[in-house]
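Trainee: Have a look at the structure that comes next, please.
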Amino acid sequence: MDEHYPPILVDATADDILSVMRDMHRQQCTHDPEANPDISLSHDSTIAEWRDACDLLPWAKVAEAMNSYWSVSIPMAAWRAVLEPPKERRLGGVCELLARHAQLPRVRPTMILGSRCAPGGAFLTIRSYLADAGADVSAVAPSTPLHEYTRRYAGVFLGPVSQLAPGALPLVKIRTPVYHAFIYGMLIAWVALVVALCAGSHTMALLAGLAITACFAGVWTIGQWVLPRSVEFVGIRTFRDLSTAIAAGART
C-alpha cells in the first residue's frame, strides 16, 4: 500500500484558523496546568486573553511558533503589528493574517469498489502523516491499535490530524507520572525554601535550592527526551475508530 496519500490543501479562512486555535486550546487544557480553560477564544478576544488562555510566550516567540505550526513565513514586522500591544490587538487580526498565507488540509476520499469513501481517505491520510514523521506504517491497518502511535507521535495527532477536522477528536489523556513527580517535587522544594528563609536556616535553604534545580532539570529533560507513558483519545482505540471520527467531522 502506498504510504504517501496527501490531503487536499485549500486556502484557509479566518474562521478556519479560529476553529483550529480553539481546538488546540481545548486539548491543551487537558494536560497543561498553565492553560486557562475559563477563557473562550473568539475573534474579539484580545491577544492578552489568548496568551493567558494558552500560556503563550512573548510576542516574538509566539510569531516564530505560529510560522512553524502553520508552515508559513510571515515577516516579524507583520506579526508585531497584530500582536502588540496585547491588550489592544484582537485574535481576529491574527486569524486574518494567517488566512492570507496559510492552507488547511481536507480529507481526500478514496475509491473503494467504485464508491467514494471518506473514512478510507482519512485512514490513508493519517497513515501518510505518520510515515512523514518517521513511523514505520507498513503493518498499519484499520484494525491496528492506536496506543503505541499516539504515544510516540502525539504531535502528529494533535497537529495535522486534528486540523483535518477541528473538534472531532475526543479529549486527549496524556499520562506522564515521572514528569508530574518532578513538578510536585519542585513545588514542595519551593515551599521548603520559603520556610527555610523565614526560619533563617541556611542549610535547609541550600538543600531546597538544590532540590529546585534538580527538579527543574528533571522536568526539562523529561519534557524534551522522555516519551509519556500513554497518550489516549477517549473512546478511540483503533485507526478505524479514528478515521471514522475524522471523516464524520471533516470540513467539506
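The values are calculated or read from the model by the stated rules, or taken from the named source; none is laboratory data. Small disclaimer: the values here were computed from a predicted structure and weren't measured. Using ideal geometry, Cβ is built from the backbone for each residue, glycine included, and neighbour counts are taken over all protein chains shown.
Trainee: Determine, yes or no, whether T238 is modelled with pLDDT of 85 or more and either farther than 19 Å from Q28 by Cβ or among the hydrophobic types (A, V, I, L, M, F, W, C) (or both). Steps first, please.
Mentor: Numbers: modelled with pLDDT of 85 or more: yes; either farther than 19 Å from Q28 by Cβ or among the hydrophobic types (A, V, I, L, M, F, W, C) (or both): yes.
Spelling it out, T238 is indeed modelled with pLDDT of 85 or more and either farther than 19 Å from Q28 by Cβ or among the hydrophobic types (A, V, I, L, M, F, W, C) (or both).
Trainee: Six or more apart or on different chains, Cβ atoms under 7 Å: show the pairs whose first residue is in region 46-68 and in the same structural domain as C29 (by TED's automatic domain parsing) and whose second is at pLDDT 95 or above and assigned to a strand (DSSP E or B).
Mentor: Final answer for the pair search is T46/R90.
Trainee: Then there is this: Would you check which residues across region 105-147 are over 24 Å from the mean Cα position of the chain (by Cα) and in a helix (DSSP H, G or I) and list them?
Mentor: A118, G120, listed by residue number.
Trainee: Suppose we filter T252, T213, T203 for residues that are part of a loop (DSSP other than H, G, I, E, B), of a type in the set (S, T, Y) and at pLDDT below 90; which single one remains?
Mentor: Working: T213 fails: part of a loop (DSSP other than H, G, I, E, B); T203 fails: part of a loop (DSSP other than H, G, I, E, B).
Of T252, T213, T203, the one residue that is part of a loop (DSSP other than H, G, I, E, B), of a type in the set (S, T, Y) and at pLDDT below 90 is T252.
Trainee: Give me a count of the residues in region 107-131 that are touching a residue at least 24 places away in the same chain (Cβ under 8 Å) and either in contact with a helix residue (DSSP H, G or I) (Cβ under 9 Å, 6 or more places away or on another chain) or in the same structural domain as I17 (by TED's automatic domain parsing) (or both). Explain how you work it out, then say what you get.
Mentor: Residues of region 107-131 that are touching a residue at least 24 places away in the same chain (Cβ under 8 Å), as a first pass: 107-108, 110, 118-131.
Pick out the ones that are also either in contact with a helix residue (DSSP H, G or I) (Cβ under 9 Å, 6 or more places away or on another chain) or in the same structural domain as I17 (by TED's automatic domain parsing) (or both) and you get 107-108, 110, 118-127, 129-130.
Final tally of qualifying residues: 15.
Trainee: Can you tell me which residues in region 71-96 are surrounded by fewer than 17 Cβ atoms within 10 Å (Cβ to Cβ), in contact (Cβ under 8 Å) with a residue 40 or more places away in the chain and either over 22 Å from V20 (Cα atoms) or among the basic types (K, R) (or both)?
Mentor: K87, E88
Trainee: Are any residues in region 44-64 surrounded by fewer than 19 Cβ atoms within 10 Å (Cβ to Cβ), of a type in the set (A, V, I, L, M), within 20 Å of C29 (Cα to Cα) and at pLDDT 95 or above, and if so, which ones?
Mentor: The one that is surrounded by fewer than 19 Cβ atoms within 10 Å (Cβ to Cβ), of a type in the set (A, V, I, L, M), within 20 Å of C29 (Cα to Cα) and at pLDDT 95 or above: A48.
Trainee: Pick from D16, D23: which is in a helix (DSSP H, G or I), on the phi < 0 side of the Ramachandran plot and touching a strand residue (DSSP E or B) at 6+ places or on another chain (Cβ under 9 Å)?
Mentor: Working: D23 fails: touching a strand residue (DSSP E or B) at 6+ places or on another chain (Cβ under 9 Å).
Sole residue among the options that is in a helix (DSSP H, G or I), on the phi < 0 side of the Ramachandran plot and touching a strand residue (DSSP E or B) at 6+ places or on another chain (Cβ under 9 Å): D16.
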